[in-house]
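The block underneath contains the structure these notes are about, expressed in structure tokens.
A short reminder: the numbers here are calculations on the coordinates, not readings from a lab. Predicted, not measured: the structure shown is a model, and the values here were computed from it. Positions of Cβ are backbone-derived with ideal geometry, glycine not excepted, and every protein chain shown enters the neighbour counts.
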Amino acid sequence: MASNDIERFEVAATYSEAVVYIGATVYLAGQVPENTGGQDITEQTKDVLSLIEQRLTVAGGDKSRILTATIYLTNLERDYKPMNEVWNQWIPSGTAPARTTVGVSTLASSQWLIEITVTAARK
Amino acid sequence: MASNDIERFEVAATYSEAVVYIGATVYLAGQVPENTGGQDITEQTKDVLSLIEQRLTVAGGDKSRILTATIYLTNLERDYKPMNEVWNQWIPSGTAPARTTVGVSTLASSQWLIEITVTAARK
Amino acid sequence: MASNDIERFEVAATYSEAVVYIGATVYLAGQVPENTGGQDITEQTKDVLSLIEQRLTVAGGDKSRILTATIYLTNLERDYKPMNEVWNQWIPSGTAPARTTVGVSTLASSQWLIEITVTAARK
């Protein structure tokens, strides 16, 4: 395929925030909270979902077109339920993705309680 | 693309059990054991693989057409080998997917020893 | 689709090192260090990235066409920075994938500090 079959958004040395392949599938980088001055899981989840929404929009996607989500929590036992409450309100009815949630030992900042990676269909 | 390029199966508020994109790729939600009355890893793996098989069938896939599998184990050191024995018998010869296996600290139920997420090609 | 829409490379009972779907997307198995005689994260990361490069080449991909990378570290706090130094030098400028990095409790060998799973676009 031609070399312009891959589009990359917000490209840095380490990662791109979004990558689109053959105009069809949007892969986002793992999204983490921007504000981490002691926010709890509810605030951090809202923050992460807001970033996902922004970055999907930039890459030509939409939160109603998410195919998969992988959710990493550093304190799953405590945070699973409040995370889900925010998540369930955020997902448009009838468009929930195939989802996986696991508890991990650490994320790249010790202040982050959550990281979410999504794949979406472009509009 | 048209809005009917995404099909979702067993859609709930939190997740769909399967999502199919442009009739080509099947994304399953992370599958976890249904029966958790003290089952060991052998029983839990059989249970999860049986669910994967059922859900792939509903979504138009097949266990011989799995592209990727990510396996999360809460006690990898103890359970990796017996999990693999069940896995190897289940995978049709010559059709093993690209696989990743990691040990995680927790899954959404403390009774689950295993969660498996697969992507498959539709038939 | 026809049954030859899936190509598998280095197929074993447990997994294939690479799977290509409809000639477009390359899915690699999670790559781990081959040499583990006490190597530190810098050496292990170089080893893993070299394997990724080899296996992408065999499957018709290229390190400049990686779409996503998921990096699993068993000692993220200590190893994140030196891993990134190797990674940043390895990724061709302007082609960084959508990346997720998490700390996990264990990998399938206790000698492995890192496992990386990538998806790439075929050339």
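Annotations for the structure displayed:
- Taking the longest Cα principal axis of chain B as reference, the axis of helix B:41-58 is set at about 10 degrees.
- Identity and axial distance of the chain C residue whose Cβ lies nearest the axis relating C to A, Å: C:S105, 3
- Which listed pairs, of C:K46/C:K81; A:K46/A:K81; B:K63/B:K123; A:K123/C:K63; B:K46/B:K81; A:K63/A:K123, have C-alpha distances above 18 Å, in listed order: A:K123/C:K63
- Counted by Cβ distance under 10 Å from A:I41, the other residues give a net charge of -1, where Lys and Arg count +1 and Asp and Glu count -1.
- For region B:3-121, share of DSSP beta bridges that run antiparallel, in % to the nearest 5: 75 percent
- Shape class for region C:33-123, computed from the alpha carbon gyration tensor (a ≥ b ≥ c): prolate, with a/c not under 1.5 and a/b above b/c.
- Counting, for every residue in B:55-66, the Cβ atoms of other protein chains within 10 Å of its Cβ and taking the mean gives 1.
- Whether the protein assembly as shown is rounded, prolate or oblate, judged on the alpha carbon gyration tensor where a/c under 1.5 counts as rounded: rounded
- Residues in region B:18-33 carry Karplus couplings, in order, of 8, 10, 10, 10, 6, x, 10, 10, 9, 10, 8, 5, x, 9, 10, x Hz; the curve used is 6.51 cos²θ - 1.76 cosθ + 1.60 with θ = phi - 60°, and Gly or Pro positions show x.
- Per residue of B:20-26, other chain Cβ atoms within 10 Å of the residue Cβ number 4 on average.
- Helix axis angle, B:76-90 relative to chain B longest principal axis, alpha carbon, degrees: 50 degrees
- Centre-to-centre, using Cα atoms only, region C:53-81 and region B:16-51 are separated by 26 Å.
- Per-residue mean of C-beta atoms belonging to partner chains within 10 Å, peptide C:73-79: 3
- Spin-label model distance (nm) - A:S93 vs A:A24, 7 Å beyond Cα toward Cβ: 3.2 nm
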